[in-house]
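Values in this text are rule-based calculations from the coordinates and carry no lab data. Given the structure is predicted, the values throughout are model-derived calculations rather than measurements. When we count neighbours, we look across all protein chains shown, and the Cβ atoms used for this are built from the backbone with ideal geometry, even at glycine.
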Amino acid sequence: TPHLSTTTEYYVQSVVTSPTYYYGGKPDNTGTGANFSSPYEHYLVFDVSQNVILKSVKVYATGSGNRTIYLKNSAGNTLQSVTFYIPDGESRINLNFNIPPGSNYRLAGPVSPNLYRSNGSLSYPYDINGLVSITKSSASTPTSYYYYFYDWEVQKNDSCSSIIVPVTVNIN
């Protein structure tokens, strides 16, 4: 407090924040599909209902190398990106993208990604606890393909607050 010369009343509240993690999207690359290596950018389209952090996703790479993953808005403008060295095979990559509520976000891979995409056993939309909904892909038949990013890990920061309590500082 500042220096007090008269009786003053303050209000206090305790707030505890803890992260909760949810998983969703297509869990893995089971079903039909193949490595995608063509020189085109493809992505998954998704909506976000509350502030979340897209912590990580699973990918299946053919060959090791650096790959850049992009979070884009509905107009295709890059909001965040991160480059990873991804080894051959299955990997979990940590994105840590902070995403506010919005519609038609894009999670995009690079051109010529050499990452696995599914084209069978699909079931859009993929809902992640009401926080995120993966609605389609960028393919010409948008619900016939699922590009690259499996088993999404989404973090929501939940908080618990006490009631507000008055505290009086008496000056004698």
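Near Ala108, within a Cβ-to-Cβ distance under 12 Å, what is the net charge of the other residues, with Lys and Arg +1 and Asp and Glu -1?
Here the charged neighbours net out to +2.
Give me the number: length gained by fully extending Thr62 to Val16, i.e. 0.36 nm times residue separation minus the C-alpha to C-alpha distance, one decimal in nm.
In short, 12.2 nm is gained.
Between region 99-113 and region 1-41, what is the separation of their alpha carbon centroids in Å?
18 Å
If r is the Cβ-Cβ distance from Asn104 to Thr141 and R0 is 22 Å, what FRET efficiency results, to the nearest 0.05?
Using R0 = 22 Å, I get an efficiency of 0.80.
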